[in-house]
Structure formats: structure tokens, C-alpha cells
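What follows is a single structure, and I will ask about it in a moment.
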Amino acid sequence: GVVCVCVWGSFMASNGNNAAKAKYEQKVPVFYYRPTHTDCQLLREQWIRAKYERKEFVCVERQEPYSAGYREGFLWKRGRDNGQFLSRKCILSERDGALKYYNKHDAREPKALMKIHTLNASFQPGKIGQPHGLQVTYLKDNSTRNIFVYHKDGKEMVDWFNAIRAARFHYLQVAFPGAHHADLVPKLTRNYIKEGYMEKTGPKHTEGFKKRWFTMDDRRLMYFKDPLDAYARGEVFIGSKENSYIVLPGLPPSTQGYHWQFGITIVTPDRKFLFTCETEEEQQDWMAAFQGLVNRPMLPQEYAVEAHFKHKP
């Protein structure tokens, strides 16, 4: 009899959970970010609150803050020069196809206009030093720009994040008519493949190695003097092996001027890029990240990005 009770108990528990899940998740918008255990505390906590406390996915009108196609409010934005956070008015408008922020409350012209089609957002609490810190990136003249924002209110910040995802979803639906939702959702926002410090040297390999913060954003490897810089100092495109991109451990024998011992050489059709890592573990992690991209065949739109990199002065 005991076995029966246990099995029945667990059956009830799992079916009860499934019933609750079905009830509280019945109307989750397709663009809404469903966090996993690897996501930051803020996303996980707000997902639970949205479901059970605010019942956002039972009553569709409670989704207005991120589904309306327009959102405005004030966010704390990190200043470029001194790193102080200052309150800035932000407007996200699907009709204008942009996220804008204003330096003065009564300014007519935005300080930055970030086109929805190049927009990305990812939570970076550790790097930004704020539990609700969001990194927003966009392309300006095909170069990456970063802004770092947060709001004290966790719901407010997650609403901004999902509003950006909604705007991206509607943009992609128009850009790729007939595409399946499942194909569009991974393109709404993306987390970086890897970030961290490496040393790098210039094209001639003679000017010594400098420590830089690297961000692997899909096939764009960007480097910054400081993790919270607004602009990348440079970008390297990582193509596929079919296009003569190769990742090798170590550095060419004649290399000088490096401090860290664990080298990586990336061979591209144009030149070799040399990097060094502080530990063997970091070297292995970066190698795996690069190899993953090199092993992946390039998509048609990635050839256009590669061509742009080649024509950069």
C-alpha cells in the first residue's frame, strides 16, 4: 500500500504543478523571455512574480508595459566620462523603429538613436555593478556602441527588456514574413558567447601585447580598454573553416612582447591575430568558443558582415 501512496502523491504533485503551470502560463507572449537556471537572479525572480503574483499571463491587459509597441520612462545611465549613473529619459517606439535617450529632460533631439533592427540587450549585473544592470548595444556606422542602464525597480527593468524583445519580434516578423516563431525568438536578444581579458598585439606583431577586455558577440569579437567602455577599440570577424579561418593553440615561434603564457592564433584570410590568456583554462574556453564559430558554416547575411570588416580602413 505504501508504494501506491507514494506514487499517487508524486503523480498528484506533478499533475498539480502542470495544471498550475498551464493556468499561470496560458498567455505568455511568444517574445517574452523565459529564464533558465543560468540567468541572473532578477530575471528568475521577476518571472515567478509575473506569473503568480501579478498574473500577467492570465490577464493580457497586464502585459501592456511591454506589448504596447511604445514605452517611455527614466533609466539610470552610466556616463561615458566619469562612470557616474545619471537619470535619462528613454523612449522605445516601434513606429519610429528606435530606442532613444535624451540628455536633458526638455531636449528636442535625442542624444542617441538606436535602431531596433541592430539592438541587443543583455543583463550584466556583475560587470555593471548593479543587480538590475542591463547592457544595450546597437550598431552605428556598423560599429558597436554600448550603453549601460538600470532601474531600482526590478519589474521596471525586466519590462524594458521584454519591450525591446517585443519590438525586435515585430520588426523581424515584417523583415521575414512567413518565418516560424521558433526561428525568430532566438534572434530577439542574445547573450555573449564569452567575455573576459586577453592580451593582443597589432597587425605587425611587433608593438608588444596589451591587455584588453574581449566580448564575443556571435561572429564579432570586440575588444575594449575597459569592460564598460561605450565603444569597441576594434573588432575581429570570426568566419568559418570553409572560408580559411583556423584556430590554433600557441603563438608563432618568433613572437615577443607578451606577458601571459597561454597563446591563441586565429588565422583569417587576411592576417593572423595573436592573443594570450592568463590561465590554461581561459585559453581552453576561448579556443572552444572560437572553434564553435569556425565549425559553423556561414549564413548568407554573415558574408555581408565579413565584407564590411574587410573594407574597414
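The values are calculated or read from the model by the stated rules, or taken from the named source; none is laboratory data. Everything numeric in this text was worked out from a predicted model, so none of it was measured. Neighbour counts run over all protein chains shown; Cβ positions are idealised from the backbone, glycine included. Calculation scope for accessible area: heavy atoms of the full protein, side chains included, ligands and nucleic acids excluded. Shrake-Rupley method; radii C 1.70, N 1.55, O 1.52, S 1.80 Å.
Of all residues in the range 221-238, which are of a type outside the set (Gly, Ala, Ser), in a strand (DSSP E or B) and surrounded by fewer than 18 Cβ atoms within 10 Å (Cβ to Cβ)?
Step one: list which residues in the range 221-238 are of a type outside the set (Gly, Ala, Ser), which gives 221-229, 231, 233, 235-238.
Narrowing further to those that are in a strand (DSSP E or B): 221-224, 231, 235-237.
Selection gives Tyr231 alone.
For the range 142-156, name all the residues that are at pLDDT 95 or above and closer than 14 Å to Arg78 by Cβ.
Within the range 142-156, the subset at pLDDT 95 or above is 146-156.
Scanning the range 142-156 gives Asn146, Ile147, Phe148, Val149, Tyr150, His151.
While we're here: Could you pull out the residue among Met198, Met216 that is in contact with a Cys (Cβ under 8 Å, 6 or more places away or on another chain) and either open to solvent by less than 30 Å² (accessible area, probe 1.4 Å) or not in a loop (DSSP other than H, G, I, E, B) (or both)? Spell out how you get there, then give the answer.
Values: Met216 fails: in contact with a Cys (Cβ under 8 Å, 6 or more places away or on another chain).
Just one listed residue meets the conditions, Met198.
Does Phe31 fit the bill of being more than 17 Å from Asp153 (Cα to Cα) and at pLDDT 95 or above? Write out each step before concluding.
Details: more than 17 Å from Asp153 (Cα to Cα): yes; at pLDDT 95 or above: yes.
In short, yes.
Condition first: over 12 Å from Val294 (Cβ atoms) and open to solvent by less than 80 Å² (accessible area, probe 1.4 Å). Now tell me which residues in the range 246-257 satisfy that.
Result: Gly250, Leu251, Pro252, Thr255, Gly257.
If I go through the range 109-143 residue by residue, how many of them are open to solvent by 10 Å² or more (accessible area, probe 1.4 Å) and more than 19 Å from Ala167 (Cβ to Cβ)?
Here the count works out to 14.
Hey, can you tell me all the residues within the range 193-240 that are of a type in the set (Gly, Ala, Ser) and either touching a helix residue (DSSP H, G or I) at 6+ places or on another chain (Cβ under 7 Å) or at pLDDT 95 or above (or both)?
The first filter runs over the range 193-240 and keeps only residues of a type in the set (Gly, Ala, Ser), leaving 196, 202, 208, 230, 232, 234, 239-240.
Residues satisfying the conditions are Gly196, Gly239, Ser240.
How many residues are open to solvent by 30 Å² or more (accessible area, probe 1.4 Å) and within 14 Å of Asn120 (Cβ to Cβ) when one looks only at the range 144-174? Please lay out each step first, then the result.
Filtering the range 144-174 for residues open to solvent by 30 Å² or more (accessible area, probe 1.4 Å) gives 145, 150-153, 155-156, 170-171, 173-174.
The next check asks that each one be within 14 Å of Asn120 (Cβ to Cβ); those that pass are 145, 171.
The number of residues fulfilling the criteria is 2.
For Leu139, only one of the following conditions fails: (1) within 16 Å of the chain's Cα centre (by Cα); (2) modelled with pLDDT of 95 or more; (3) among the aliphatic types (A, V, I, L, M). What is its number?
(2)
Filter the range 183-192 down to the residues that are out of contact with any Ser or Thr (no Cβ under 9 Å at 6 or more places or on another chain) and open to solvent by 30 Å² or more (accessible area, probe 1.4 Å) and list them by number. Lay out the reasoning, then the answer.
Within the range 183-192, the subset out of contact with any Ser or Thr (no Cβ under 9 Å at 6 or more places or on another chain) is 183-188.
Result: Asp183, Val185, Pro186, Lys187.
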